[in-house]
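The values are calculated or read from the model by the stated rules, or taken from the named source; none is laboratory data. In this text, all values refer to a predicted model and were calculated from it rather than measured experimentally. Quick reminder, even Gly has a Cβ in these numbers, built from the backbone with ideal geometry, and neighbours come from all protein chains shown. Surface accessibility is based on the protein's heavy atoms, side chains included, excluding ligands, DNA and RNA. Shrake-Rupley method; radii C 1.70, N 1.55, O 1.52, S 1.80 Å.
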Amino acid sequence: MAVKKASEMFSKSLIEDVHRWGCMKQTGVSLRYMMEFGSTPTERNLLISAQFLHKELPIRIARRAIELETLPYGLSEKPAVLKVRDWYVESFRDMRAFPEIKDTADEKEFTQMIKAVKVRHNNVVPMMALGVNQLKNGMKLYEKLDEIHQFLDRFYLSRIGIRMLIGQHVELHNPNPPLHTVGYIHTKMSPMEVARNASEDARSICFREYGSAPEINIYGDPSFTFPYVPTHLHLMVYELVKNSLRAVQERFVDSDRVAPPIRIIVADGIEDVTIKVSDEGGGIPRSGLPKIFTYLYSTARNPLEEDVDLGTADVPLTMAGYGYGLPISRLYARYFGGDLQIISMEGYGTDAYLHLSRLGDSQEPLP
């Protein structure tokens, strides 16, 4: 497959436009702002929202498109990365081609267009993983690639923001929104309930792979709620529980002892809601801890090592094996002002602390 620079694939004026917009300042929003603004999705508010996105999204998309062209170690030339770059440039082109949004009819048309952009980018994570894997296979010292890790952190954090803004706007059009929801945000989300659902999903995967799964006990106040994005929390808890299940299952697979349960504790503080996932899966050696948040490390078999046809969108979408679950979960936590910490005792087990900002007032971190 011939490597083509963006300048060979797209018109000169489009590429110049990408570079011009990529220099503009991004504007971050907070969870609280999204919630308050979206609580009355009148035609006027939807129009204001669309006008904001019409200007903001091309800036964010252009920045990523430029960065995808200039990655170190030849990563920009990997076929999978070129594919992702093309998606970004095409989405930028679609946004810029859309005329000024003046009325409700324009707004509705714009909403359909950004919906299509979101779908176009559905497989960005596995496609980038494939590109990094293509790079990794040709290298020896891949753990030293700090610039690649920093780029991927910026890239995926930006992607979370773009998808949140598009998804939030699109969802505000829902004529029958579920109770207590404002777009993607649930104003009375129960972290206990989300943790329970995520745990059940993770256990069913564990059952499928191993034929059994350790018990999971959840502790906390079942009546406690706070505003957050349930899909984000589900993704993070699912990932942490899945890792714990795998560690415990593999440690006790040949043991006569019953596998000890995984414990999830939900604590509601004044500033933060903290969710702790504890297991007795044997822990992580101290030398391995710095690697767990890199994108090039996984103890599971990599699902991308099989040949993938870049012409199709059917990239395997399982999270296990990319080594992406933890670093991406941490980005989801940080996106709304939280964090994720892992503390381990080798020979015993691991505790993951997921901190979520309860105040919802921190601005998006814009890479």
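Of all residues in the range 214-261, those being closer than 29 Å to P178 by Cβ and either without any contact (Cβ under 8 Å) to a residue 40 or more places away in the chain or over 23 Å from the mean Cα position of the chain (by Cα) (or both) number 10.
Is there a residue in the range 258-274 that is of a type in the set (S, T, N, Q), within 28 Å of G161 (Cβ to Cβ) and at pLDDT 95 or above? Lay out the reasoning, then the answer.
Our first condition is that a residue be of a type in the set (S, T, N, Q); within the range 258-274, this holds for 274.
With within 28 Å of G161 (Cβ to Cβ) added as a condition, the list becomes 274.
From what's left, at pLDDT 95 or above: 274.
Yes: the range 258-274 contains one or more residues that are of a type in the set (S, T, N, Q), within 28 Å of G161 (Cβ to Cβ) and at pLDDT 95 or above.
Selection of the range 203-217 for residues being touching a strand residue (DSSP E or B) at 6+ places or on another chain (Cβ under 8 Å) and crowded, with 19+ Cβ neighbours inside 10 Å yields R203, P214, I216.
Would you confirm whether or not the range 169-183 contains a residue that is in a helix (DSSP H, G or I) and either open to solvent by less than 10 Å² (accessible area, probe 1.4 Å) or in contact with a helix residue (DSSP H, G or I) (Cβ under 6 Å, 6 or more places away or on another chain) (or both)?
Within the range 169-183, the first condition is being in a helix (DSSP H, G or I), and the residues that meet it are 169-171.
Subset that is either open to solvent by less than 10 Å² (accessible area, probe 1.4 Å) or in contact with a helix residue (DSSP H, G or I) (Cβ under 6 Å, 6 or more places away or on another chain) (or both): 169-170.
Looking for residues that are in a helix (DSSP H, G or I) and either open to solvent by less than 10 Å² (accessible area, probe 1.4 Å) or in contact with a helix residue (DSSP H, G or I) (Cβ under 6 Å, 6 or more places away or on another chain) (or both), one finds at least one in the range 169-183, hence yes.
In this structure, is L165 of a type in the set (A, V, I, L, M, F, W, C), crowded, with 20+ Cβ neighbours inside 10 Å and part of a helix (DSSP H, G or I)? Yes, satisfied.
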